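A short write-up of the structure that comes next.
The values are calculated or read from the model by the stated rules, or taken from the named source; none is laboratory data. Computed from a prediction, not measured in an experiment: that's the story for all the values here. Cβ placement follows ideal geometry from the backbone for every residue including glycine, while neighbour counts extend to all protein chains displayed.
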Amino acid sequence: MLDQKELIKAFLTRNGPSLPVEIGKELGYNSFLTKAVLSELISKGIIKQSRRPIGNSLLYYLPGQEALLRKRLFEDLSLPERRCLSHLREEGPLRESELSPQERFIISRLYDFVDVSLVNGQKVYSLKGVSAPAPKPIPSLPAPAPAPPKPIETTLFHHKEPEKGFDAEVLAYLKQFGEVSVKKVIRRDRETNYVLKTKEPFPQVFFVKSKNKKRINESDLSLIYTETLQEKKPGLLVTKGDLTATAKKWMKDNVGDLIKLIRLK
């Protein structure tokens with residue numbers, strides 16, 4: 001019969017980084033006994049615990065499961081925390097003086113994702129598990145020339161991918177950065193909602209609205225702002241049009257970093 005140590009190791013090997021309640025269910029222990037066993041294994045270096053909690057509990061994991069730990073924690077991060085990691089991925093390593101006051105506060109909760117070193121008396125932050133400069137995040141990438149789209153295997157509504165037109169250009173652009181699914185076609189080649197999941201090292205899910213208009217007004221921005229809040233994801237607005245003067249002011253005053261504008265050529 002396996003002892004406690006072997007049971008926990010076997011459980012973490014199968015399930016990856018886990019919460020105490022999940023481990024306790026496997027052992028048949030209450031939370032007090034579970035945490036006592038976990039504390040003993042940590043003191044012996046057999047398992048590790050996260051720096052950042054999910055809810056009120058830390059995650060426990062085996063040495064070598066750091067990438068799995070970051071993947072599970074990332075799903076629980078807030079939008080400001082994700083933006084902080086995106087900034088570090090784009091520009092890092094960064095000195096403490098190069099971070100905004102908000103980022104300096106946030107980054108103290110992100111030490112599972114970030115390495116900290118001391119250079120000339122100042123803290124320098126870099127992403128864990130990234131050995132080479134990562135690509136810039138999607139909002140700052142220039143729009144590439146349209147390329148012939150490849151068929152996507154599935155979408156949320158199993159639509160056949162258009163062979164030409166505005167929708168095809170949007171799909172071709174978005175697919176460079178990750179997995180794309182059509183959420184809702186409101187008016188073909190005029191307005192469509194998508195979901196975009198970007199690639200590693202830290203995948204992020206975006207709500208995307210394509211809008212084929214020459215002029216994007218305040219009403220258009222208000223709609224995508226409301227939808228983005230409902231989706232609880234950062235938003236991208238993909239268009240060939242220009243913002244009206246009032247739309248530019250409204251976006252600056254109300255939207256902040258929640259929605260990024262991507263203008264296709």
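Observations, loosely collected:
- For region 9-40, the candidate set comprises residues that are in contact with a strand residue (DSSP E or B) (Cβ under 8 Å, 6 or more places away or on another chain) and in a helix (DSSP H, G or I); within that set, the residue that is farthest from LEU62 (Cα to Cα) is VAL21.
- Answer residue from region 236-250, given it is free of Cβ contacts under 8 Å to residues at least 60 places away in the same chain and buried (at least 20 other Cβ atoms within 10 Å of the Cβ) and is farthest from LEU171 (Cα to Cα) among those: ALA247
For every residue, the table says whether it meets (1) closer than 20 Å to LEU85 by Cα; (2) under 20 Å from the mean Cα position of the chain (by Cα).
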{"residue": "GLU169", "(1), (2)": "no, no"}
{"residue": "LYS183", "(1), (2)": "no, yes"}
{"residue": "THR198", "(1), (2)": "yes, yes"}
{"residue": "VAL205", "(1), (2)": "yes, yes"}
{"residue": "ARG215", "(1), (2)": "no, no"}
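- Among residues of region 48-66, those that are closer than 17 Å to SER78 by Cβ and of a type in the set (D, E, K, R), counted: 2
- Hey, LYS213 assigned to a loop (DSSP other than H, G, I, E, B) and surrounded by fewer than 21 Cβ atoms within 10 Å (Cβ to Cβ) or not: yes
- LEU73 in contact (Cβ under 8 Å) with a residue 40 or more places away in the chain, over 30 Å from LEU41 (Cα atoms), part of a helix (DSSP H, G or I) and not assigned by TED's automatic domain parsing to the domain that holds VAL37: no
- Unique match (being under 25 Å from PHE113 (Cβ atoms), at pLDDT below 90 and not in a loop (DSSP other than H, G, I, E, B)) among LYS252, LYS260: LYS260
- Exclusive hit being part of a loop (DSSP other than H, G, I, E, B), among the β-branched types (Val, Ile, Thr), modelled with pLDDT under 85 and farther than 30 Å from LEU127 by Cα, set THR226, THR155: THR155
- Selected residue (criterion: farthest from ASP115 (Cα to Cα)) from residues of region 68-99 that are surrounded by fewer than 13 Cβ atoms within 10 Å (Cβ to Cβ) and among the small types (Gly, Ala, Ser): SER78
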